[in-house]
Amino acid sequence: MSAEGGIMAPEGLLDALVRETGAEKPELKKLRDQAQASGQTFDRILISRGLDEDGVLKAFASDLGLEFRSEMEGVRVPSEFTDRIPMAFARAHDMVALAKVDNVLEIACSHPLDVHPQDDLESMLPGEIRFLLVPRHEVAEILNRAYRHKADGVDEALEDLEDADIAGLAAQIEESEDLLDSANKAPIIKLVNSVLFQSLKLRASDVHFQPYTDRLQVRFRIDGLLYDMESIPKNAQDAVVSRIKVMGKMDIAERRLPQDGRASIRVGDGEVDVRISIVPTSFGERAVLRLLDKTARAFSLDQIGLDAQNQEILRSYISYPHGIILVTGPTGSGKTTTLYASLTEISTGEKNILTIEDPVEYQLDGISQVQVNTKKGLTFSSGLRSFLRQDPDVMMVGEIRDLETAEIAIRAAITGHLVFSTVHTNDAPSTITRLVDLGLEPYLVSSSLVMVMAQRLVRTLCASCKTKRSPTEEEIATLQSIGLDAEKFPDGQIAVSPGCDDCFQSGYQGRTAIYELLPMTEEIRQMVMERVPASLLKKAAVEGGMRTLRSDGLAKVASGETSAEEVMRVTQLDVS
């Protein structure tokens, strides 16, 4: 693929960048000069400076005469690519084959000016190649699926384990370890890196190292459920846990007390934050690593599972000038993603938006994000109090845990600020009574709160093995028991996924959210003032048109997105 036009950045390319990204031409010329001076490619400089990746790639596609694609649903990577191209190479250079059309292999790439890796790829593959430009997050997702069942180096690392590694293990590591750079590492380091690399490929949110009497079991949490993966020999358990402690800068000699740490790892030029927790158990120390991919994209409101009606309701309330909007649900139910999507929607450059979070999960353009640091005295309440002196329009506080934080949030809302936050309750109406139980006066809650939104995550049916068929009598009975008639399904057929290699035979791949939106109407405000219990609030809200979590979930069952069993699993407490 010729990239001459991109290197010189002719006027045509600059005009296309202005058109597609909205950037100013003088600024683009400065960035072009920076690229030439630094040796970095122009496209990477543009994206690293915060320009919209889709816009940048569209401009380069136009200039270089290439095709741009952003949607990659249902892509099956040809085996000749995965058989010949190492995963490390493909991931480091963000390239993957999409299909073979008329004996031409279509290659998606995210860096149009990386000519040397493109030449290397052409030399590794037989036949003709055609390059397309595709956003990096789409390429990464396709790569994860394509190489899911290829060897990850875990088995090889397990074979290399020797007792001698345990003694000299605690060497300090680089500030940010690159998982792809494992070739010359000690076997224990190689093993831990391989496990983490595999977890990122499989989109795991957590990695568990759980000790048993005879082994150290590795488990991944994928789409909310735990799966057993490799077993590590018992004699390597202490070495593996020590390695994890070194990564998190913990005390490797302390084995009787729980410890927490943080690490940063890299996969190519992508960075992942790792939160590490270690606790002693009867079979040895147990480690859990929470993975937060810094390069993961923040979703928009139309990508998080809201139907048209709920989207319209939410959009109307997040545009309010002041008040409190609360999102509620258990840990891991997607609350932060929903808040980020809402903030991104209203971040137009005309508003000063501040957040205090624990931790900062994604970087949002144009928004000032602060991380809680309890050791230094920076808590949700102290951070929120400081924000009031920063001339904010919109504030987000990660969680309302205590009366002090709740009082400051309400004061901010009453004095003309829009405040977003989360609370841990089972549904939207019980959130209101929870605030009163914290010690807030009902009149303050009713006057400051504008909307409460409860949510849960449900697994979506695997697109690779999803089919439609007529329901069995047993399935009809199950659907009727939860208030769903077979007539509500298109053509009377239900969607089912029997399971395949892509979804670990589970029938599910990926997740979406179900929602319960409770706007604070005059009737609800009056009931709050009268300290009405949550059950009566819920009844009044449903009579006023609120759809419960279960009814929103059943609508997704009828549309073929998820299964009735999945909705029932996450809405057991939602009986209406």
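The values are calculated or read from the model by the stated rules, or taken from the named source; none is laboratory data. What you see is a predicted model; the values in this text were computed from it and never measured. Neighbour counts run over all protein chains shown; Cβ positions are idealised from the backbone, glycine included. Protein only, heavy atoms only, side chains kept; ligands, DNA and RNA dropped before computing areas. Shrake-Rupley method; radii C 1.70, N 1.55, O 1.52, S 1.80 Å.
Going by Cβ distance under 4.7 Å, what cysteines of the chain have no possible disulfide partner?
Those would be CYS109, since no other cysteine Cβ in the chain comes under 4.7 Å of theirs.
Per the helix-only calculation at 222 nm, which mean residue ellipticity applies to the chain, given -39500 (n - 2.57) for every DSSP H run of n ≥ 4 and division by its residues, nearest 500 deg cm²/dmol?
Here the helix-only value at 222 nm equals -11000 deg cm²/dmol.
Using the per-residue mean of other Cβ atoms lying within 10 Å as a proxy for protection, in what order, highest first, do the peptides 116-125, 421-430, 387-396 fall?
Ranking, from highest mean packing down: 421-430, 387-396, 116-125.
Compute the separation of the alpha-carbon centres of region 488-511 and region 512-572 and state it in Å as a whole number.
So the two Cα centres are separated by 25 Å.
Expressed as cubic angstrom per residue, what is the convex hull volume of the alpha carbon set of region 229-349?
190 Å³
Find how much the distance from LYS351 to ARG315 grows on full extension, using 0.36 nm per residue of separation minus their present alpha carbon separation; answer in nm with one decimal.
Between LYS351 and ARG315, full extension yields 11.4 nm more.
Please give every one of the aspartates and glutamates within straight-line cross-link reach of LYS538, meaning a C-alpha to C-alpha distance under 13 Å, and leave out same-chain neighbours fewer than 8 residues apart.
ASP427, GLU516, GLU523, ASP574
Between LYS539 and LYS376, what's the calculated FRET efficiency when r is the beta-carbon distance and R0 is 45 Å? Round to 0.05.
Using R0 = 45 Å, I get an efficiency of 0.45.
Which far-off residues, 5 or more places away or on another chain, put their amide H under 5 Å from the one on GLU230, with H placed in the peptide plane?
Those qualifying (amide H under 5 Å, at least 5 residues apart or on another chain) are VAL218.
Which entries of LYS100/LYS468; LYS488/LYS556; LYS190/LYS249; LYS335/LYS488; LYS466/LYS556; LYS25/LYS58 have Cα-Cα distances beyond 20 Å here?
Beyond 20 Å between Cα atoms: LYS100/LYS468; LYS335/LYS488.
ASP402 to ASP54: FRET efficiency via 1/(1 + (r/R0)^6), r the Cβ-Cβ distance, R0 30 Å, to the nearest 0.05?
Here the calculated transfer efficiency is 0.10.
Give, as a single signed number, the net charge of other residues whose beta carbon lies under 13 Å from the beta carbon of LEU403, with Lys and Arg counted +1 and Asp and Glu -1.
Once positives and negatives cancel, what remains is -2.
Using a 1.4 angstrom probe on heavy atoms only, work out the carbon and sulfur share of the accessible area of region 435-499 in %.
47 percent
Determine the per residue accessible area of the chain with all protein chains present and a 1.4 angstrom probe, expressed in square angstrom.
I get 45 Å² per residue for this part.
Please tell me the relative contact order of the chain in percent, rounded to the nearest whole number, where contacts are Cα pairs under 8 Å and at least six residues apart.
Reported relative contact order: 9 percent.
Where the accessible area of region 264-358 is counted over protein heavy atoms with a 1.4 Å probe, how much of it, in %, is carbon and sulfur?
50 percent
For region 451-565, max minus min Cα coordinate along each principal axis, in Å, sorted largest first?
For region 451-565, the Cα extents along the three principal axes come out at 54, 28, 19 Å.
List the extent of the Cα atoms of region 299-340 along each of their three principal axes, largest first, rounded to whole Å.
That gives 28, 23, 15 Å along the principal axes, largest extent first.
Placing +1 at every Lys and Arg Cβ and -1 at every Asp and Glu Cβ, with all other atoms neutral, what dipole size does the chain have around its Cα centre, in debye to the nearest 20?
1400 debye
Of THR425, ASN103, GLN36, whose Cα points farthest to the positive end of the dipole of the chain (charges on the beta-carbon: +1 Lys, Arg; -1 Asp, Glu; origin at the Cα centre)?
Checking the options against the dipole of the chain, the answer is THR425.
What FRET efficiency do you get for LYS25 and LEU225 if R0 is 51 Å and r is their Cβ-Cβ distance, rounded to the nearest 0.05?
Efficiency at R0 = 51 Å is approximately 0.50.
Cα to Cα, under 19 Å, and not fewer than 8 places away if on the same chain: which aspartates and glutamates meet these conditions relative to LYS234?
ASP155, GLU156, GLU159, ASP160, GLU162, ASP163, ASP165, ASP214, GLU285
Under 25 °C and 0.890 mPa s, how fast does region 298-369 diffuse according to Stokes-Einstein, given a Kirkwood radius computed over C-alpha pairs? Answer in µm²/s, whole number.
188 µm²/s
Reported to two decimal places, what Rg/Rh ratio describes the chain when computed on Cα atoms with Rh from the Kirkwood expression?
On the Cα set of the chain, Rg over Rh gives 0.98.
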